[in-house]
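Take a look at this one; I'll ask things after.
The values are calculated or read from the model by the stated rules, or taken from the named source; none is laboratory data. Quick caveat, the model's predicted, so the values are computed rather than measured. Please note: Cβ atoms are built from the backbone with ideal geometry, for glycine as well, and neighbour counts cover all protein chains shown.
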Amino acid sequence: MNRPIVHLFGLFTLLFALLVGFTSRWSVFEAESLEDETANRRPLLEQQRIPRGLIYARDGTVMAKNEQLGNRQTRRFVRRYPTDSLFSHAVGYSFIDRGRAGLEQSRNDVLTGSGNEFASLIDELSGAQEGDSLRTTLDPEAQRAAIEGLGGRRGSVVAIEPETGRIRAMASLPDFDPNAVRERFNDLNADEDSPLFNRATQARYPPGSTFKVVTAAAALDDGRYGPNTTVSGKNDKPISGVPLENFEGAQFGQVTLTEALTKSINTAWAEVGADLGDSTMLRYMRRFGFGAEPPLDYPRSQLAASGVFDEELLDEDDPIDIGRVAIGQERLQVTPLQMAMVAATVANNGALMQPLFGERAIAPDGRVTERIRPDRVRRVIDASAARELTGMMSSVVEEGSGTAAQLRGVRVAGKTGTAERGAGVNQAWFIAFAPVEDPKIALAVTVEQASGTGGEVAAPIARRVLEVILDAKGRGSSGPAASGGF
Amino acid sequence: MVSARLRELFGLLPVALLVTAGFTAVVLSRTEEVNDLSLTYGGFFLGLCVFAHFFIRIRLPQADPYLFPLAALLAAFGMVMIYRIDEELARQQAQWFVIGLVFFCATVVLLRDHRVLERYRYTIAAASIVLLFLPRVPGIGDRVNGAFLAIQVGPVQFQPAELAKIGIIVFLASYLGETRDVLVRGRVPRLSLKHFGPLLVVWGAAMLLLVFIRDLGSSLMFFGGFLALLYVATSRLSLVAAGAAMFAAGAVFFAHTVGHVQDRVSIWLDPLRPQVVEDEGYQVAQSMFAQADGGLFGTGFGRALLELPGGGLILPAADTDLIYALIVNEVGLFGGTAVVLIYLLFTARGFKVALLARDGFSKLLAAGLTAVFAMQVFVIVGGVTRVIPLTGVTLPFVSYGGSSIVANLVLLALLLIVSHDARRDTAEDRGGVA
């Protein structure tokens, strides 16, 4: 009877080898695909066990922190947003059951500590993963001024440091309380006012006359025009064969480009645009960043491109009435962020900087693990053209349509915009930068369904934000040192 | 030459190491600080092992020196995992070990000669069959995941299949030991009902198990044990093949007709389908996810994700049926392989006992007990790793559960008795002094 016993042992050896084979199949060979299974909640639950890094404002205010729940074995972290709705769109939210938005999404690697290969290896060995904190340049005082300025009206404010591209304020109304996202997500999503929608980066509006800054930049940089070149400001001048009307049917004679910008004369700028032609205009627009999503450290899904749209983005090959595009009409649609980038480019002597929220990443032990340095995207126009354009835009605020943005002791350059959206309902705009001599801040303000013009509705909001940012700087806060050693 | 018992004592060293390291790791993962009180279960468990060693030294001095340390090593693994899941469960498990050891000692003391069992074989067979069908009795039967595997008497839950497996093997060993001559001598074409009779009866019993208890696992375990015995008794592969074919045919037939068996099979084939993954397929799916999380080396004792934020465990039945998945999760493929290897060594020692045994009944008893033990390991680990459909049997010595511990310690006692008996005979033959 001994031989069958030996055989039997051989059989069990084979069967047990099969067990080891299948164990290695699940634990090693197919482990990755099992971890990607939608039914596998382990990766999500694991993420909850990692304390995410905090998100700080420019002045050290904590905008996102963690709340620990459970005991040591079951501990998990849930996000809290101490600034409530103040930075709802910029900071966004991160909840296991609701996903992520805003900086919480775009800087997730830093915040979970999984961005740094070496650090992840150490964490793997020590078994304790912790995210890095993120310092931003968002400025609570400026943000508050922007939101108070909007005063509950739907609209948006974006303020950028021209030299560095760093974003100091990004407001979008209506906003939401990120702390309420978990309970009220479906309501917020279904809300007709779309509070989750970031108007600063996602909403496309007709820019009105603020776009004349882009046309002027193209005209000056192209070399065929100067601030004193004269053009006709006659009312009802035919553009692309159709008569174009000036604002309130105003009649002008031969005017300089400076005068044409100061008084925002449609027919003069339409003629300039038509004269420059499709390809020149579109080339300069692309240089300013039109036609692509801005390179902001923000989720792609929350960024929209600006440009001439007919369901999709149009280019030279499509029939475009470029004369009307030149004054912000036609099918031109822009985001507030794009218009703030236009103002910042002019303020920065014609060079476009990458817009940035993040300033540096800080490890839990206080080490700075990453400095996010300013990056020049490209030179859009010559410094001399930018200086000429700055002069023209100062004249808008000093004696033109933008006088409501004047500050005591500080020269402001700007441009108003009023896009009619129906009888007495306008999209009001104002883009500006200051101080003219050495611009520290550039911004774009827009208000939906305003009853007044850009100069009446948007310029005062811009003034309020400029006041706060430029004053605060004078009072000796950390200043540029806090924004990366510049 | 180092005596057998000294080897056994040395064999307990890895057990002590595992218990100390394992408990310390689990405690550290919780509190950063080793608490003496938490370690008492570990110390208590080691005390039990040393006690059992001295008991064997006195009562069964010639018994195989490796079987007990291997069982203790498995039990130590189980204690660490159960302690990691729930401290209170570990306390109860330690209690069950005390009760199990009482049964172990009682078996050794009362059963001076295991051949006595042959006299009661029909009583034992009848009792085992009654035990097996108890879970279907209304009032005390308990349905777990669609299968009838346990009975509930007052606060105590009991899985009768655990004890029944020993009884059935005792009966079959005795029966086949007596009739094997007939079975061996008969030529296959002339085999009459007399030869096939017992085969048919056992096959019928296994099929009944499948239908009434609705558990493919236990019926596979019993029938596998039976076929192993039949093969050892007769050396006839043709008989074994016929039996296996009959079982397969029956299983396939019932897989298509009995809803519960059918479900189990379809879940086994694809547990990740969205329709079943949160429902009937949940256990198998979570078992695979836990193993995937473990990888090569695992997360470490006490460090795997187990508790859900809202309470409850992400890995269901982590202390019983799916404990192997938790082991792979925490100590990885290496730890899982180690556990399977310990079982293989235990199986090897069990068969060694059978090889050394002198008489037919002892040989068949040792081989049968070892085979049914190994089958049980294959059925549950195979279920957890999706080699076969998952069914509810325990992982011997490792899983939490009173009936499992008691039954497997009795099984160990029987193997040691047979071993002591066989080696004593050998020693006498060599001219040693009895």
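Quick one: count up the residues across segment A:427-441 that are within 16 Å of residue A:402 (Cα to Cα) and over 23 Å from the mean Cα position of the chain (by Cα).
Residues in segment A:427-441 being within 16 Å of residue A:402 (Cα to Cα) and over 23 Å from the mean Cα position of the chain (by Cα): 1 in total.
Now for a separate question. Give A:404, A:419, A:444 a once-over and let me know the one that is under 22 Å from the mean Cα position of the chain (by Cα), at pLDDT below 95, of a type in the set (A, V, I, L, M) and not in a loop (DSSP other than H, G, I, E, B). Talk me through it step by step, then tell me what you get.
Details: A:404 fails: under 22 Å from the mean Cα position of the chain (by Cα); A:444 fails: at pLDDT below 95.
Result of the check over A:404, A:419, A:444: A:419.
Per-residue answers, yes or no, for (1) in a helix (DSSP H, G or I); (2) over 24 Å from residue B:168 (Cα atoms); (3) within 12 Å of chain A (Cβ to nearest Cβ):
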| residue | (1), (2), (3) |
| --- | --- |
| B:217 | yes, no, no |
| B:228 | yes, no, yes |
| B:242 | yes, no, no |
| B:250 | yes, no, no |
| B:274 | no, yes, yes |
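Does residue A:22 satisfy the criteria of being at the interface with chain B (Cβ under 8 Å from one of its Cβ atoms), closer than 30 Å to residue B:235 by Cα, buried (at least 17 other Cβ atoms within 10 Å of the Cβ) and modelled with pLDDT of 90 or more? Before the answer, list the steps.
Values: at the interface with chain B (Cβ under 8 Å from one of its Cβ atoms): yes; closer than 30 Å to residue B:235 by Cα: no; buried (at least 17 other Cβ atoms within 10 Å of the Cβ): yes; modelled with pLDDT of 90 or more: yes.
So residue A:22 does not fit the description; no.
Further question on the same structure: Return the residues of segment B:299-318 that are facing chain A (nearest Cβ under 7 Å), within 17 Å of residue B:80 (Cα to Cα) and either in a helix (DSSP H, G or I) or without any contact (Cβ under 8 Å) to a residue 60 or more places away in the chain (or both); say none if nothing qualifies.
Correct list: B:305, B:307.
If you don't mind, another one. Working only within segment B:276-298, note down all residues that are among the acidic types (Asp, Glu) and either in a helix (DSSP H, G or I) or facing another protein chain (nearest Cβ under 9 Å) (or both).
Hits for segment B:276-298 are B:278, B:293.
Using the structure shown, decide if residue A:180 is surrounded by 14 or more Cβ atoms within 10 Å (Cβ to Cβ), aliphatic (A, V, I, L, M) and without any contact (Cβ under 8 Å) to a residue 12 or more places away in the chain.
Answer is yes for this residue.
Here is a follow-up. Kindly indicate whether residue A:233 is touching a helix residue (DSSP H, G or I) at 6+ places or on another chain (Cβ under 9 Å), surrounded by 17 or more Cβ atoms within 10 Å (Cβ to Cβ) and over 13 Å from residue A:326 (Cβ atoms).
The answer is yes for residue A:233.
Does segment A:237-248 include one or more residues that are under 28 Å from residue A:399 (Cα atoms), in contact (Cβ under 8 Å) with a residue 12 or more places away in the chain and part of a loop (DSSP other than H, G, I, E, B)?
Looking for residues that are under 28 Å from residue A:399 (Cα atoms), in contact (Cβ under 8 Å) with a residue 12 or more places away in the chain and part of a loop (DSSP other than H, G, I, E, B), one finds at least one in segment A:237-248, hence yes.
Within segment A:164-186, how many residues are assigned to a loop (DSSP other than H, G, I, E, B) and out of contact with any helix residue (DSSP H, G or I) (no Cβ under 8 Å at 6 or more places or on another chain)? I'd like the intermediate steps shown before the answer.
As a first pass, look at segment A:164-186 and keep what is assigned to a loop (DSSP other than H, G, I, E, B): A:164-165, A:174-177.
Among the residues that remain, those that are also out of contact with any helix residue (DSSP H, G or I) (no Cβ under 8 Å at 6 or more places or on another chain) are: A:174.
Counting residues in segment A:164-186 that are assigned to a loop (DSSP other than H, G, I, E, B) and out of contact with any helix residue (DSSP H, G or I) (no Cβ under 8 Å at 6 or more places or on another chain) gives 1.
Let me ask something else about it. For segment A:33-85, which residues satisfy the criterion of being at the interface with chain B (Cβ under 8 Å from one of its Cβ atoms), crowded, with 17+ Cβ neighbours inside 10 Å and either under 28 Å from the mean Cα position of the chain (by Cα) or within 26 Å of residue A:368 (Cα to Cα) (or both)?
A:48, A:76
Additional query: Scan segment A:309-339 for residues that are surrounded by fewer than 24 Cβ atoms within 10 Å (Cβ to Cβ) and of a type in the set (S, T, N, Q) and report the count.
Selection size over segment A:309-339: 2.
Can you tell me how many residues in segment B:319-358 are more than 10 Å from every other protein chain (Cβ to nearest Cβ), more than 20 Å from the chain's Cα centre (by Cα) and not β-branched (Val, Ile, Thr)?
Residues that pass the stated criteria total 2.
In the list A:289, A:273, which residue meets the criterion of being touching a residue at least 40 places away in the same chain (Cβ under 8 Å) and more than 26 Å from the chain's Cα centre (by Cα)?
Every option except A:273 fails the conditions.
Does residue A:203 count as under 16 Å from the mean Cα position of the chain (by Cα), at pLDDT 90 or above, surrounded by 21 or more Cβ atoms within 10 Å (Cβ to Cβ) and closer than 23 Å to residue A:355 by Cα?
yes
In this structure, does residue B:361 turn out to be more than 8 Å from every other protein chain (Cβ to nearest Cβ), in contact with a Pro (Cβ under 9 Å, 6 or more places away or on another chain) and either small (Gly, Ala, Ser) or buried (at least 20 other Cβ atoms within 10 Å of the Cβ) (or both)? Can you show your working first?
Working: more than 8 Å from every other protein chain (Cβ to nearest Cβ): yes; in contact with a Pro (Cβ under 9 Å, 6 or more places away or on another chain): no; either small (Gly, Ala, Ser) or buried (at least 20 other Cβ atoms within 10 Å of the Cβ) (or both): yes.
The answer is no for residue B:361.
Okay, residues lined up against (1) without any contact (Cβ under 8 Å) to a residue 60 or more places away in the chain; (2) in contact with a helix residue (DSSP H, G or I) (Cβ under 8 Å, 6 or more places away or on another chain):
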{"position": "A:330", "(1), (2)": "yes, yes"}
{"position": "A:333", "(1), (2)": "no, no"}
{"position": "A:342", "(1), (2)": "no, yes"}
{"position": "A:353", "(1), (2)": "no, yes"}
{"position": "A:358", "(1), (2)": "no, yes"}
{"position": "A:365", "(1), (2)": "yes, no"}
{"position": "A:370", "(1), (2)": "no, yes"}
{"position": "A:373", "(1), (2)": "no, no"}
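Would you confirm whether or not segment A:2-9 contains a residue that is surrounded by fewer than 17 Cβ atoms within 10 Å (Cβ to Cβ), more than 9 Å from every other protein chain (Cβ to nearest Cβ) and not polar (S, T, N, Q)?
Checking segment A:2-9: not a single residue is surrounded by fewer than 17 Cβ atoms within 10 Å (Cβ to Cβ), more than 9 Å from every other protein chain (Cβ to nearest Cβ) and not polar (S, T, N, Q).
Which number in (1) closer than 28 Å to residue B:89 by Cα; (2) at the interface with chain A (Cβ under 10 Å from one of its Cβ atoms); (3) β-branched (Val, Ile, Thr) marks the one condition that residue B:387 misses?
Here residue B:387 clears every test but (1).
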